[in-house]
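A short reminder: the numbers here are calculations on the coordinates, not readings from a lab. None of the values given here were measured: they were computed from a predicted structure. Backbone-built Cβ (ideal geometry, glycine too); neighbour counts: all protein chains shown.
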Amino acid sequence: MDLIYVDHAATSPIHPEVVQEMMPYFTEYFGNPSSIHQFGRKTRQLLDEARRTAAKSIGAASNQIMFTSGGTEADNAAIFGVAYANKERGNHIITTQIEHHAVLHACEELERQGFEVTYLPVDEKGRISFQDVKDALREDTVLVTIMYGNNEVGTVQDIPAIGELLEGHQAYFHTDAVQAYGVLPLNVDELKVDLLSISGHKINGPKGTGFLYIREGVAIAPSSFGGEQERKRRAGTENVAGIAGLAKAISIMMEQGAEKAAAYLAYKEAMIAILIKEDINFQVNGDPEHGLPHILNVSFPGVKTEVMLVNLDLAGIAASSGSACTAGSVEPSHVLTAMFGKTERTKNSIRFSFGLNNTMEQIEKTAYETAKIVKRLQK
Amino acid sequence: MSTRHEKSPAETRVVIGMSGGVDSSVAALMLKQQGYDVIGIFMKNWDDTDEFGVCTATEDYNDVIAVANQIGIPYYAVNFEKEYWDKVFTYFLEEYKAGRTPNPDVICNKEIKFKAFLDHAMSLGADFVATGHYARVAEQDGEVKMLRGVDENKDQTYFLNQLSQEQIEKVMFPIGELNKPQIRQMAAEAGLATAKKKDSTGICFIGERDFKDFLSNYLPAKPGEMRTLDGDFKGKHDGLMYYTIGQRHGLGIGGSGEPWFVVGKDLTENVLFVEQGFDHESLYSESLTAVQPSWMSNKPMEKTFHCTAKFRYRQPDKGVTVNLLDDGKLHVVFDDPQRAITPGQAVVFYDGDICLGGATIDEVIKNGEPISYL
């Protein structure tokens, strides 16, 4: 059975050129970048180049890039770092109900520590309202953290408008751009953000890599203590091979990202067209106008998410519900719940996400196979 | 029905319920070795997450994952917490409230494992569902019969008594021909992660916890008096629901002579009746009535027939005459007087090794009258 992977929003395969790029840094160039000898200098050089590449990809300067172990660590470092470093300026944080758990659970932890958090609602398309942000903003707000493109339904928020609103306010502005990176052009000045999180494994880089952009002058507390790496904000010997891979993945992305995004959009449209042609009862979740090109979230009325996912898997198609599940407890997605309330629609949703190596043929097969299963189950 | 196994094993999809225990692990292994298209599924029916976020279901599911990967089968999980709460736990509490001693595992098999789970398996294209129960199924006289497991100590047909022909037609019990030591040995030889795992004991949702403590979280306990049937005060009880007929331990009645036993309950007066001696005559009865009878055969049962029966799990069979009453209930007359028949428990009928079906014990009859103190 030919397997079809349409779960790239969960993680993506490493690009072969990325693997090649990494290999020497496991064996030949293994030095510690902090060492003074030539072994150290070699990897330090790599780090500097990688930092420049990362910075360039978002229109930043290289001293504004802090390498992390991924999106979760970048989100945590931004949220806790800003909250702890700005306590005397206030203890109020604004976020949304549809953030990734790396943001939501970090905010909940801060609430337990005495911070106040406002969780902004979204409309049925998953968009927050500009007015809600404005209304939630207080004098003692120290951080606004709003994701760029949602990982479950793909809805993209108007980050530049919120950035503009926050100009002149003391609050720092963070965005989780993990899912948007690679498929949307990103520029921190245009987005008007102070902090931005990125993950390597969503863009065909290695797992355990990512970075946080920190605008010059942002007061942020360190996330770990020890050596002087990452400008004393994140102690610990750098993941050199991982960072080499991350930089290569970013380079490839900058060359091919736009072209890929167009292809993914075509996949999405083809899939919807086939489901319509097959006369399937379905609803697309998300915002067709403001959506990530590679994410298609669909609800099939009367078909439970977990049953659908297992049937797809048995047919060789790897998709996802978009939200994590443990030991059989598929919690209704918090994103869909924020969009639709506690309705059936939240229990019938499947996320298809496209990426490297997907072909139109695969996508068509996925659509027809999905239609076949849904027809059997909707009976 | 036609013959059960028309298709070759490779074309036959079997969805096996895996609990993370050694029995269902070996059952899955056997199916895989027999060449079936096997899918392992873990059922989460109860959430026991503690204050540290630890949940035995997560640990058990991790064992399922380890074993499924060792065997080489896909695995998934499914959540039936709501179904379990509505169908099994609610019934369990209602029965205790009514002063009876229910058997939630019987209802769990009927409503969850061989209904909700079976439906789920069918939606995944299953031809059969399998479990790690000690029981057997065989085709006889154009029907599927359920037979006792070969291991007499482990036979679990008692808990499966409410299954219908439609249910057992779709069931496989791979380990029914084996005994427990053989299961352990197979698990060890295959190096399965669960080979040395301790058997679970007691009711699944209570687990290793103290039963009294658990029940008191859901039902208010009403302490009252312990008396003999003649009315002599013998002490205090903690709440009628904590006691079952024939129980000896936990009464705290000292003194000389033979030990004391629970012989009955008065729900209105909140009195627990106790008498002295294992064989006290008040514990014996001659027949019972039972409700909600369920038969595994679709062929009509005789109005009156003789067979053997169990009134509790792991008791030896006793001879009985079963009478089907016009109101749908059963009147079950014992060949010899029986001790400590308990309302709420299942009475399960056998013809040799064949499990015929069962019902829930309602009234216990002595000298032609229902025993008033039960």
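In this simple spin-label model, placing a label point 7 Å from the Cα along the Cα-to-Cβ direction at both residue A:63 and residue B:276 gives a separation of 9.5 nm.
Working note: Cα gyration tensor of the stretch A:182-262, eigenvalues times five, square-rooted, sorted largest first, giving semi-axes of 25, 18, 8 Å. With respect to chain A, whose longest principal axis is taken over its alpha-carbon atoms, helix A:38-57 is tilted by about 50°.
Across the stretch A:105-190, C-alpha contacts under 8 Å between residues 6 or more apart give a mean separation that, scaled by the residue count, equals a relative contact order of 26 percent. Less than 20 Å from a label point 7 Å out along the Cα-to-Cβ axis of residue A:207: which backbone N atoms in the stretch A:96-120 qualify, by residue? Output list for this probe position: A:100-103.
Counting only other residues whose beta carbon sits under 13 Å from that of residue A:99, what net charge do I get with K and R as +1, D and E as -1? Don't skip to the end; give the middle numbers.
Details: positive: none; negative: A:75, A:108, A:152, A:176.
Once positives and negatives cancel, what remains is -4.
For residue B:345, the residues whose modelled amide H falls within less than 5 Å of its own, excluding neighbours fewer than 5 places apart on the same chain, are B:101, B:361.
Using modelled backbone amide H atoms (1.01 Å from N, in-plane), which distant-in-sequence or interchain residues come within less than 5 Å of residue A:23's amide H? Under 5 Å from the amide H of residue A:23: no residue qualifies. In the stretch A:123-143, which residues have a backbone nitrogen under 17 Å from the label point lying 7 Å from residue A:219's Cα in the Cα-to-Cβ direction? Counting only backbone N, you get A:138-143. Computed from label points 7 Å out along Cα-Cβ, the spacing between residue B:90 and residue B:152 is 4.2 nm.
Residues whose amide H comes within less than 5 Å of that of residue B:147, counting only those at least five positions distant or on another chain, are B:136, B:137, B:138, B:355 (H built at 1.01 Å from N in the peptide plane).
With each run of n ≥ 4 DSSP H residues scored as -39500 (n - 2.57), what mean residue ellipticity at 222 nm is computed for chain A after dividing by its residue count and rounding to the nearest 500 deg cm²/dmol? Could the numbers behind the result be given before it?
Details: 12 runs with 151 residues, N = 379.
Theoretical 222 nm ellipticity from helices: -12500 deg cm²/dmol.
Given a 10 angstrom Cα cut-off, can you work out which residue in B:345, B:162, B:292 is the most mobile in a GNM of chain B? Evaluated over chain B, the most mobile residue of the options is B:292.
The distance linking the stretch B:53-85 with the stretch A:232-269 is 35 Å (Cα centroid to Cα centroid, whole angstrom).
I'd like the FRET efficiency for residue A:88 and residue B:301, computed as 1/(1 + (r/R0)^6) with the beta carbon distance as r and R0 of 60 Å, rounded to 0.05.
Values: r = 82 Å, r/R0 = 1.36.
So the FRET efficiency works out to roughly 0.15.
Taking max minus min of the alpha-carbon positions on each principal axis, the protein assembly as shown gives extents of 95, 61, 54 Å, largest first.
Per-residue ellipticity at 222 nm for chain B, helices alone: DSSP H runs ≥ 4 residues times -39500 (n - 2.57), over residue total, nearest 500 deg cm²/dmol? Please report the intermediate quantities before stating the final value.
Working: 9 runs with 71 residues, N = 374.
When only DSSP H runs of four or more count, the value is -5000 deg cm²/dmol.
Spin-label pair residue A:48-residue B:141: with each label point 7 Å from Cα along the Cα-Cβ axis, the two points sit 9.1 nm from one another.
The alpha carbon centroids of the stretch A:112-184 and the stretch B:257-300 are separated by 66 Å.
Here the Karplus curve 6.51 cos²θ - 1.76 cosθ + 1.60, taken at θ = phi - 60°, turns the phi angles of the stretch B:280-295 into couplings of 3, 5, 5, 7, 9, 9, 10, 7, 9, 10, 9, 10, 6, x, 9, 10 Hz, with x standing for Gly and Pro. Comparing A:79, A:272, A:98 in a Gaussian network model of chain A, where Cα atoms under 10 Å apart are tied by springs, the biggest mean-square fluctuation is seen for A:272. Taking a point 7 Å from the Cα of residue A:283 along the Cα-to-Cβ direction, the residues of the stretch A:329-349 with backbone N closer than 17 Å to it are A:332-349. For the stretch A:21-28, putting each phi into the Karplus relation 6.51 cos²θ - 1.76 cosθ + 1.60 with θ = phi - 60° gives couplings of 4, 6, 3, x, 7, 8, 10, 6 Hz, in residue order, rounded to whole numbers and with x for Gly and Pro. Along the stretch A:95-111, what does the Karplus equation 6.51 cos²θ - 1.76 cosθ + 1.60 (θ = phi - 60°) give for ³J(HN,Hα), rounded to whole Hz, x for Gly and Pro? With the stated coefficients, the stretch A:95-111 comes to 9, 10, 6, 10, 5, 5, 4, 4, 8, 4, 6, 5, 5, 5, 5, 5, 4 Hz.
Normalised radius of gyration for chain B, please: alpha carbon Rg relative to 2.2 N^0.38 Å, two decimal places.
On the way: Rg = 22.0 Å, N = 374, 2.2 N^0.38 = 20.9 Å.
For chain B, the normalised Cα radius of gyration is 1.05.
A DSSP coil position with no more than 12 other Cβ atoms inside 10 Å describes the following chymotrypsin sites (Phe, Trp or Tyr not before Pro) in the stretch A:220-326: A:225.
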